[in-house]
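Q: My structure is below; once you've seen it, I'll send some questions.
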Amino acid sequence: MTHMPAAIARPFPRSFSWLQIVRLGLVQTALGAVVVLMTSTINRVMVVELALPAIVPGALVALHYATQVLRPRWGYGSDVGGRRTPWIVGGMAALCLGGFGAAAATALAASHLAAGLALAVLSFLLVGMSAGAAGTSLLVLLATGVEAGRRGAAATIVWVMMIAGFAVTAPLAGHFLDPFSGARLVAVSGTVSLIAFAVAVLAVTGIEPRRPEAAGRAETKPPFRAVLAQVLAEPAARRFTLFIFVSMLAYSAQELILEPYAGLVFAMTPGATTKLAGLQHGGVLAGMLFVAGVTVFIGGPVLGSLKLWTAVGCGLSALALGTIAFGGPIGPDFPLRAAVAGLGFGNGVYAVAAIGSMMALAGRGGEAERGTRMGVWGAAQGVAFGAGGFLGTLAVDLARLVASEPVYAYAAVFAAEGILFLVALLISLRVEHVTVGRRHNPLTETASFQLNSGFEAR
């Protein structure tokens, strides 16, 4: 196996502090602020104000997810240079430009439809590629500088701060968009993009240690295809890639069918189903905070095991989906809200443990391929998430062709998603065991001054 010289592969002199982890989380906040305008506001404007078919923004979002297959290439690029900050800053610059371009394209489509849609395609492609470049390098930087005992908490912080970007930007942008016009949309998007880029730059400035001068004279790294083949040849990397794909497929497949299910089967109003979605997101946050608290403040060989919490999260999610599936025929007496909250909690436990494991395992099998390895997993996650939503709705439509009532069609799909989570659970049990011990800092103990010193493979 080819490795980069010690000057490049050398670990951080110290682990990130909580303040530094929050600073890196601000990059995700900035990223979320730009993306939410594209997935919500611009989506709505295209369908309502421009009266375009819903498939138009749907196809544009699909383009965004399709570009996630390039994540391994972006990770490889940061491996070659040995630094992640330029890729984060460059990715955020391109992301903000793409977000602004999408708003300009939407405004242009009102008068010149073909030109507007052509610009929209380019902008969404740019957003997808740049989000992959910045997001992959950010996760690699976190994986490199966060000690084992803080990885679950770090994953929670980064995830929550991305959601904060959604939560803060959407209402503020909505306030300044009224009364609506194409010019206002462009102005608001441009302002959000500028602020997001400034926040991201300030967040990462000076946070990554400078690599030694000797690194500039490092030996040539093998070509991308050779490095990618090397990563995919690793049994552990392949197994974790499969786990990420299957679990994210199950995770995202219910995204677009839960609210219609509640409306059709339980006669919930649009407002009630929106509150139901909020209840699910609250459960996700609770699950994340639970795992972060247990791994940071208790830890140990059992409760500190990210492998354990990944399996528990998959199991809880499968149980909740099965409950939701079998609860439909019961009717209004079924406690749907409790089941959805349970689904959110299981999803949160799974998500934060899986991200923490991803950070922990990125350096396994070779430090020099850390970015490429993270890119492979990011690509599996992005493609599965994009495919899950589409396949979930397609499965419901197909099931309704043979089912006598809508409730049975939805129930069959929810049950299938639960089975996918059980398959993911079985795969996760074969992934390396990462244990977090309380008060144990593997990055600062000189006797084990290696990035992977706090991990155990069982």
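Q: Can you tell me which of T106, T136 is within 23 Å of A198 (Cβ to Cβ), hydroxyl-bearing (S, T, Y) and open to solvent by less than 10 Å² (accessible area, probe 1.4 Å)?
A: When all the criteria are applied, what remains is T136.
Q: Kindly list the number of the only condition in (1) at pLDDT 80 or above; (2) within 27 Å of the chain's Cα centre (by Cα); (3) over 23 Å from R71 (Cα atoms) that fails for S252.
A: Only one criterion is unmet by S252, namely (3).
Q: Of all residues in segment 32-54, count the ones that are among the aliphatic types (A, V, I, L, M), open to solvent by 40 Å² or more (accessible area, probe 1.4 Å) and not in a helix (DSSP H, G or I).
A: 4
Q: Go through T310, T295, T273 for me and flag whichever is within 20 Å of W159 (Cβ to Cβ) and in contact with a Gly (Cβ under 6 Å, 6 or more places away or on another chain).
A: After ruling out the rest, the residue left standing is T295.
Q: Checking the structure you have, find out if any residue of segment 314-330 is touching a strand residue (DSSP E or B) at 6+ places or on another chain (Cβ under 7 Å) and surrounded by fewer than 20 Cβ atoms within 10 Å (Cβ to Cβ).
A: No, there is no match, as no residue in segment 314-330 is touching a strand residue (DSSP E or B) at 6+ places or on another chain (Cβ under 7 Å) and surrounded by fewer than 20 Cβ atoms within 10 Å (Cβ to Cβ).
Q: Given the criteria closer than 30 Å to L139 by Cα, open to solvent by 20 Å² or more (accessible area, probe 1.4 Å) and either of a type in the set (F, W, Y) or touching a Cys at 6+ places or on another chain (Cβ under 9 Å) (or both), does F297 qualify?
A: yes
Q: Right, something else. How many of the residues in segment 75-90 are within 16 Å of the chain's Cα centre (by Cα) and open to solvent by 40 Å² or more (accessible area, probe 1.4 Å)?
A: Residues in segment 75-90 being within 16 Å of the chain's Cα centre (by Cα) and open to solvent by 40 Å² or more (accessible area, probe 1.4 Å): 0 in total.
Q: Which of the residues that make up segment 154-204 are more than 20 Å from the chain's Cα centre (by Cα), of a type in the set (V, I, T), surrounded by fewer than 17 Cβ atoms within 10 Å (Cβ to Cβ) and over 12 Å from L26 (Cα atoms)?
A: T191
Q: Can you name every residue in segment 55-99 that is charged (D, E, K, R) and either without any contact (Cβ under 8 Å) to a residue 60 or more places away in the chain or part of a helix (DSSP H, G or I) (or both)?
A: R71, R73, D79
Q: Within the set of pairs 6 or more residues apart or between chains, which connect a residue that is under 12 Å from G32 (Cβ atoms) and at pLDDT 90 or above inside segment 164-193 to a residue that is crowded, with 16+ Cβ neighbours inside 10 Å and among the small types (G, A, S) with Cβ atoms less than 8 Å apart?
A: Going by the 8 Å Cβ cut-off, the qualifying pairs are V192/A33; V192/G99; V192/A173.
Q: Considering every residue within segment 340-350, establish whether at least one is touching a helix residue (DSSP H, G or I) at 6+ places or on another chain (Cβ under 6 Å), open to solvent by 40 Å² or more (accessible area, probe 1.4 Å), in a helix (DSSP H, G or I) and modelled with pLDDT of 85 or more.
A: First pass over segment 340-350, keeping only residues touching a helix residue (DSSP H, G or I) at 6+ places or on another chain (Cβ under 6 Å): 340-350.
Filter again for open to solvent by 40 Å² or more (accessible area, probe 1.4 Å), leaving 345.
After this cut, where a residue has to be in a helix (DSSP H, G or I) as well, the list is 345.
Adding the requirement that they be modelled with pLDDT of 85 or more leaves 345.
Yes, segment 340-350 contains at least one residue that is touching a helix residue (DSSP H, G or I) at 6+ places or on another chain (Cβ under 6 Å), open to solvent by 40 Å² or more (accessible area, probe 1.4 Å), in a helix (DSSP H, G or I) and modelled with pLDDT of 85 or more.
The values are calculated or read from the model by the stated rules, or taken from the named source; none is laboratory data. Note that this is a predicted model, so its numbers are computed, not measured. Backbone-built Cβ (ideal geometry, glycine too); neighbour counts: all protein chains shown. Surface areas here come from the heavy atoms of the whole protein model, side chains and all, with no ligands, DNA or RNA. Shrake-Rupley method; radii C 1.70, N 1.55, O 1.52, S 1.80 Å.
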